[in-house]
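Report on the structure given below.
The values are calculated or read from the model by the stated rules, or taken from the named source; none is laboratory data. What you are looking at is a predicted structure, and each value in this text was computed from that prediction instead of being measured. Every residue, glycine as well, gets a Cβ built from its backbone with ideal geometry; the counts of neighbours run over all protein chains shown. Side chains are part of the model used for accessible areas, which takes the heavy atoms of the whole protein and leaves out ligands, DNA and RNA. Shrake-Rupley method; radii C 1.70, N 1.55, O 1.52, S 1.80 Å.
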Amino acid sequence: MTFCPSCGNELESNAKFCPKCGKQNEPQQPTRTVIPSRPTGITILGILHILGGIVFAAAALVFGAASTMMGNSFMGGFMSVVGGALAAVFVIVAILDFAIASALFSGKRWGRTVVIVLSIIDLIFEVVSIAGGNVFSIAGIILDLIVLYYMWRPHVIAYFYK
């Protein structure tokens, strides 16, 4: 079943002209849906989140192992609890980093949203840090601004809204 591209009238399959408006019926070419490929910057951010996840997983192992080796004294017991709690926090952060990397690689919208939110939060911390006298926060501010700018580029948005 074909329709006139001009007026929308139903046409016979072999009709060369529309009987209603007289426009020529040109054979329609099949449309291709172009799926945007993953932008290079998203791949880089995904790899950085994987590396961050590996670092936090290693830190969790170190703190977990150290907390089990603490002595039986009061301070040793307290440090063991603190070390175990830190190890648990590092495991959670590592899992979150791996999940964000997965979302970035697969083009999930929430991955883009999380990266934007985390960049804004880090930008706030960097501004507060520079206000406290830490001049090295300038590098963090620049990186956060680059990430925020990049995440709003049209080709990046198209990748996440495919």
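Taken together, the residues in the range 106-125 that are open to solvent by less than 60 Å² (accessible area, probe 1.4 Å) and among the hydrophobic types (A, V, I, L, M, F, W, C) amount to 4. For beta carbons closer than 6 Å, sequence separation of 6+ or different chains, a first residue in the range 140-151 that is at pLDDT 95 or above and aliphatic (A, V, I, L, M) and a second that is surrounded by fewer than 17 Cβ atoms within 10 Å (Cβ to Cβ) and outside any helix (DSSP H, G or I), there are no qualifying pairs.
Looking at the structure I just gave you, is VAL93 in contact with a Phe, Trp or Tyr (Cβ under 7 Å, 6 or more places away or on another chain) and closer than 19 Å to GLY46 by Cα? Taking the combined requirement at face value, the residue satisfies it. The set of residues in the range 55-73 being open to solvent by 90 Å² or more (accessible area, probe 1.4 Å) and either modelled with pLDDT of 85 or more or closer than 30 Å to ARG109 by Cα (or both) consists of VAL55, LEU61, VAL62.
Look at the range 74-84 and say how many of its residues are free of Cβ contacts under 8 Å to residues at least 12 places away in the same chain and open to solvent by less than 50 Å² (accessible area, probe 1.4 Å).
2
Across the range 78-107, the number of residues qualifying as out of contact with any helix residue (DSSP H, G or I) (no Cβ under 6 Å at 6 or more places or on another chain) and over 16 Å from GLY52 (Cβ atoms) comes to 7. What residue, of ALA87, ALA101, is open to solvent by less than 80 Å² (accessible area, probe 1.4 Å), in contact (Cβ under 8 Å) with a residue 24 or more places away in the chain, in contact with a His (Cβ under 8 Å, 6 or more places away or on another chain) and among the small types (Gly, Ala, Ser)? Of ALA87, ALA101, the one residue that is open to solvent by less than 80 Å² (accessible area, probe 1.4 Å), in contact (Cβ under 8 Å) with a residue 24 or more places away in the chain, in contact with a His (Cβ under 8 Å, 6 or more places away or on another chain) and among the small types (Gly, Ala, Ser) is ALA101. Assess whether VAL128 counts as being open to solvent by 40 Å² or more (accessible area, probe 1.4 Å), assigned to a helix (DSSP H, G or I) and touching a residue at least 12 places away in the same chain (Cβ under 8 Å). For VAL128, the condition - open to solvent by 40 Å² or more (accessible area, probe 1.4 Å), assigned to a helix (DSSP H, G or I) and touching a residue at least 12 places away in the same chain (Cβ under 8 Å) - is not met.
Kindly indicate whether any position in the range 22-33 is open to solvent by 100 Å² or more (accessible area, probe 1.4 Å), part of a loop (DSSP other than H, G, I, E, B) and at pLDDT 75 or above. Give the steps one after another, and end with the answer.
First, the residues of the range 22-33 that are open to solvent by 100 Å² or more (accessible area, probe 1.4 Å): 23-24, 26-33.
Still in the running and part of a loop (DSSP other than H, G, I, E, B): 23, 26-33.
Then drop every residue that is not at pLDDT 75 or above, which leaves 23.
Looking for residues that are open to solvent by 100 Å² or more (accessible area, probe 1.4 Å), part of a loop (DSSP other than H, G, I, E, B) and at pLDDT 75 or above, one finds at least one in the range 22-33, hence yes.
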